[in-house]
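Presented below is the structure to which this report refers.
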Amino acid sequence: MAFFDEARITVISGKGGNGCSSFRREKYIPKGGPDGGDGGKGGDVIAIHDKNLNSLINLKGKKIFSAQAGKAGSGKNMKGESGEDLMISLPNGTLVYADKTGELIGEITDINEKIVIAKGGKGGLGNARFKSSTNQSPRKFTEGEESDKRDIMLELRLIADVGLLGLPNAGKSTLINYITNSKSKIGSYAFTTLGPELGVMENDEKKITIADLPGIISGASEGQGLGIKFLKHAYRTRFLLHLVDGTEAIDKALISFDTIEKELDEFHLDFSNQKRWLCITKTDLIEEEKLSDILKAFQVKFPDLPIYPISSLKGEGLENLKEELFKQI
Ligand SMILES: Nc1nc2c(ncn2[C@@H]2O[C@H](COP(=O)(O)OP(=O)(O)O)[C@@H](O)[C@H]2O)c(=O)[nH]1
Ligand SMILES: [Mg+2]
């Protein structure tokens, strides 16, 4: 399934309720005054931040979002009830655009929690409002304001096309430096980089952005270290390249891979939409026999996982990896 980062929807606010035209009726009073109440306001359509979301996938298949209309006013100066607002839950970083003009209406963030994207119609006025010294029995009332219908484009900004996963020392910085224009620090400590380091890889047709994400440690999904930030960043990429240090013993390499996959599984966001490939790194340091054993071990355990052996020091396997990434994205 494709990673879903764009959605087009139509939002319709509630129409305002009509004002009421009515006169007081009491026994023995032939001509009571006007007592028609105002109509209620129509509901707004409101975009609201939901920290538990991180894609627009929940909007898939739903096109029209309507808030409730306001109720009409009634006699005895009763105001009509307001229509209920309709909330659309969106992940952090969602940009909200007017689809026709492309105008940016706003961005949903954890600070900017709510944006009214279609305002409900005002309620109409009841005839009681039109009473004056010259007109004691007006019949006049006004209708509620029409609803507001808008086409909206939602876009969740991705930080990069490809995210690099891997334990500290797996070779992420070295790889991104080799295949992109990035100058990521090599051999730096696991948690010295806070944000993701971005690099761009180009060919004649395409530009792919790659994020070297700060290292991960076991327990990141429970908020240990800075790993949790890493996971959030990892979510906002289309594709994940998982690097495992090929100089590790085979059983240890399998555990390294599992450690990270387990963190992804346990995190509250669903990573199952993001394709994953495995890179066995540092092939220049690995005996041929050991390399074929390690590849076999991963193939047996993960038959559907594409595996690329690479050396970012010697450039081995990198042209092939780049080519496949360009095809994929
Ligand atoms: N021989 C060899 N060493 C590598 C290769 N890739 C990375 N290294 C070394 O492995 C260490 C960790 O690399 P780095 O890219 O910083 O890993 P990161 O923590 O995943 O970003 C550094 O000393 C690199 O020079 C490779 O392909 N071959
Ligand atoms: Mg690094």
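Footprinting exposure proxy ranking of V11, V96, V45, fewest other C-beta atoms within 10 angstrom first, gives V96, V11, V45. Each Lys and Arg Cβ is given +1 and each Asp and Glu Cβ -1; about its Cα centre, the chain then shows a dipole of about 2620 debye.
Database remark: amide H of D99 closer than 5 angstrom to the amide H of D151, I152, M153 (H placed geometrically; neighbours at sequence offset of 5 or more, or on other chains; Pro and chain starts carry no H).
Working note: Karplus 6.51/-1.76/1.60 with θ = phi - 60° gives the stretch 253-268 the couplings 5, 5, 5, 4, 4, 4, 3, 6, 4, 5, 4, 5, 4, 7, 6, 6 Hz, where Gly and Pro are set to x. Checking every one of the GluC sites (Glu not before Pro) in the stretch 50-115 against DSSP loop status and a limit of 10 other Cβ atoms within 10 Å picks out E103. Computed over the chain, relative contact order equals 16 percent, with contacts defined as Cα pairs under 8 Å that lie 6+ residues apart. Every pair of different Cα atoms in the stretch 1-157 enters the Kirkwood calculation, which places the hydrodynamic radius at 17.3 Å.
Scaling the Cα radius of gyration of the chain by the globular reference 2.2 N^0.38 Å produces a ratio of 1.50. For I88, nonlocal amide neighbours, meaning residues 5 or more places apart or on other chains whose placed amide H falls under 5 Å from its own, are I46, A47, I48. Cα axis of helix 318-328 to longest principal axis of the chain: angle in degrees, 0 to 90, nearest 10? Taking the Cα atoms of the chain, the angle to 318-328 is about 20 degrees. For the stretch 227-329, the list of GluC sites (Glu not before Pro) that fall in a loop by DSSP and count at most 16 other C-beta atoms within 10 angstrom reads E287. Using the empirical formula 2.2 N^0.38 Å as the baseline, the Cα radius of gyration of the stretch 160-328 reaches a ratio of 0.96.
A Förster distance of 51 Å, applied to the separation of the beta-carbon atoms of D284 and T109, puts the FRET efficiency at 0.70.
Of the trypsin sites (Lys or Arg not before Pro) found in the stretch 268-329, the ones in coil according to DSSP and having at most 15 other Cβ atoms within 10 Å of their Cβ are K314.
Put in order of Cβ neighbour count within 10 Å, fewest first, the listed residues D44, D251 become D251, D44.
All of the numbers you see were taken from the coordinates with simple rules; none came from a lab. Every value quoted in this text rests on a predicted model; they were computed, and no experiment measured them. For neighbour counting, all protein chains shown are included, and Cβ atoms are generated from backbone atoms with ideal geometry for every residue, glycine included.
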